[in-house]
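Nothing in this text is a laboratory measurement; each read-out follows from the coordinates by a stated rule. This is a predicted model, so every value here is computed, not measured. Methodologically, a virtual Cβ is constructed for each residue, glycine included, from the backbone with ideal geometry; neighbour enumeration extends over all protein chains shown.
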């Protein structure tokens, strides 16, 4: 289960990450609590303070477009039960008349101490690319469900590093947090860049 330090990390989102439309999340499957940052909260139309404190998955899933819910639930159920990487694209309806396209990447792993499944990952707002017609090839996002690239592994490691570094106190911790936040921003841009460089 995410500790207070992790919740603080998720409650604090660097301006650069917010501006880049990349959000982070962490889920404890045993308690059905998903902790998200401000960008994640905005993509799902939930209160950012409540998202930082943890909400049931249903609070996020209810705003997924009805046509995408079955695929989302099926893929998520599989990784929540067995662990592993998932990559999925879907639409959300965070507010009346507001349709957002989301690319989510994450990994579920079983905690060796508690046996519970924990998921961590990012969500990227790809709405602009979709509206510009630059991200129409769904196969672009991965042809194999379980494919994992070096970039995916780097993103997973950076998320874990961010959570560990937040336990470092004082000015040393602040400097390290800034560095890993810059890395997360660069990784998010690289992931989103795959979409923006795709031709119409």
Packing rank of 86-98, 31-43, where each peptide gets the mean count of other beta carbons within 10 Å, highest leading: 31-43, 86-98
Relative packing of 179-187, 113-121, which averages over residues the other C-beta atoms within 10 Å, highest first: 179-187, 113-121
Inter-probe distance in nm under a simple model that places probes 7 Å from Cα toward Cβ, at residue 67 and residue 190: 3.3
Residue 82-residue 183 FRET efficiency (beta carbon distance; Förster radius 22 Å; 0.05 resolution): 0.15
The stretch 36-70 residues near the modelled residue 164 label - backbone nitrogen below 19 Å, point 7 Å along Cα→Cβ: none
Computed lengthening from residue 172 to residue 32, 0.36 nm per intervening residue step minus Cα-Cα distance: 47.0 nm
